[in-house]
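**Q** Have a look at the structure that comes next, please.
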Amino acid sequence: MLHFEKIDISHPASRGDKTSLARSLGHPVESSPAPTAGPIVFVVDDDVSVREALESLIRKLGWQPEIFASAQEFLDRPRSLVPSCLVLDISLPGLSGLELQKRIAVERTDMPIIFITGYGDVPKSVQAMKAGAVEFLTKPVSNEELLAAIRQALERSSAVLGHLAEIQELRDRYGSVSPRERQVMALVVSGLLNKQIADELGISVITVKTHRGKVMQKMKADSLAGLVKMDAKLRAASGRKG
């Protein structure tokens, strides 16, 4: 069973710091339930006493707990794109913790995993960490140790969701750019001058300037350097090379 020592609820992430933490973690994305939705700490453990203890602790610290007895129960739960992490036991009925981690690594890159187990050994720990777990804790776990791991995981989740939201916004902007404007944009970010772009596309310099202006407006770029950075992010996100 987890070891829960008496904890001071005025610890960061509660009381006055709770608001600042929620603000720093609350990156809104289009598929989130609401911009004000708080971070979620998911727990998957087949030990009911562990689940109840973790649920109580997580709630007291100002986060929203969601508790599951098996990996399949967790997978059946609709996804929420808010900052979150998963506190996961390795030994579970049916799908094991390590097997669930493999699924999450592909499908939910924004959800860091914290393993807790009473049966952990060095090979399993190494396997979990190599697969991307942020922490591997052995029961009994102190409140402070678990709290630090959860905070780190939620900060990582928030950063990933913020990046995904930024990329989606850039994709939406790029979606409003016409095919011809995209041609001009590609040549602009490659470093060609207006005259060179005109010669390349067989259009006038005035037409190039018009398309270029529309690209800057639609992409909401305030400079050529800004447009180049946006293009690089879009290429990286799609796996395209320069």
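The values are calculated or read from the model by the stated rules, or taken from the named source; none is laboratory data. Everything numeric in this text was worked out from a predicted model, so none of it was measured. Here the Cβ positions follow ideal geometry from the backbone for every residue, glycine too, while neighbour counts run over all protein chains shown.
**Q** How many residues are surrounded by fewer than 19 Cβ atoms within 10 Å (Cβ to Cβ), within 23 Å of the chain's Cα centre (by Cα) and of a type outside the set (A, V, I, L, M) when one looks only at region 37-53?
**A** Residues meeting the conditions: 1.
**Q** Report, by residue number, each residue of region 138-169 that is in contact with a Phe, Trp or Tyr (Cβ under 8 Å, 6 or more places away or on another chain) and either acidic (D, E) or within 14 Å of I40 (Cβ to Cβ) (or both).
**A** Those that are in contact with a Phe, Trp or Tyr (Cβ under 8 Å, 6 or more places away or on another chain) and either acidic (D, E) or within 14 Å of I40 (Cβ to Cβ) (or both): I150, L154.
**Q** Taking region 185-196, which residues are aliphatic (A, V, I, L, M) and over 16 Å from R235 (Cα atoms)?
**A** From region 185-196, those aliphatic (A, V, I, L, M) are 185-189, 192-193; that's our starting set.
Residues satisfying the conditions are L192, L193.
**Q** Among the residues of region 36-53, count how many are in a helix (DSSP H, G or I) and in contact (Cβ under 8 Å) with a residue 40 or more places away in the chain. Don't jump to the end; show me each part of the working.
**A** Initial filter on region 36-53 (in a helix (DSSP H, G or I)): 48-53.
Now restrict to residues that are in contact (Cβ under 8 Å) with a residue 40 or more places away in the chain: 49-50, 53.
Total meeting the criteria: 3.
**Q** For region 176-242, please list each of the helices (runs of 4 or more DSSP H) lying entirely inside it that holds at least 2 residues being among the charged types (D, E, K, R) and under 29 Å from G162 (Cα atoms).
**A** Working: elements: 179-189, 194-201, 205-219, 224-238.
Of the helices (runs of 4 or more DSSP H) lying wholly inside region 176-242, those with at least 2 residues that are among the charged types (D, E, K, R) and under 29 Å from G162 (Cα atoms) span 179-189, 205-219, 224-238.
**Q** Could you check A186 against (1) surrounded by fewer than 16 Cβ atoms within 10 Å (Cβ to Cβ); (2) in the same structural domain as L57 (by TED's automatic domain parsing); (3) small (G, A, S) and say which number it fails?
**A** All conditions are met except number (2).
**Q** Is it the case, given these coordinates, that K218 is within 17 Å of L170 (Cα to Cα) and of a type in the set (D, E, K, R)?
**A** Details: within 17 Å of L170 (Cα to Cα): yes; of a type in the set (D, E, K, R): yes.
So K218 fits the description; yes.
**Q** Among the residues of region 197-212, which ones are crowded, with 18+ Cβ neighbours inside 10 Å and either out of contact with any helix residue (DSSP H, G or I) (no Cβ under 8 Å at 6 or more places or on another chain) or within 25 Å of K233 (Cβ to Cβ) (or both)?
**A** Restricting attention to region 197-212, the residues satisfying the condition of being crowded, with 18+ Cβ neighbours inside 10 Å are 197-198, 208, 211-212.
Scanning region 197-212 gives I197, V208, H211, R212.
Condition check ((1) crowded, with 16+ Cβ neighbours inside 10 Å; (2) assigned to a loop (DSSP other than H, G, I, E, B); (3) at pLDDT 85 or above; (4) touching a His at 6+ places or on another chain (Cβ under 6 Å)) across all residues:
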site	(1), (2), (3), (4)
A13	yes, yes, no, no
D17	no, no, no, no
S32	yes, yes, no, no
E55	no, no, yes, no
E73	no, no, yes, no
L95	yes, yes, yes, no
L100	yes, no, yes, no
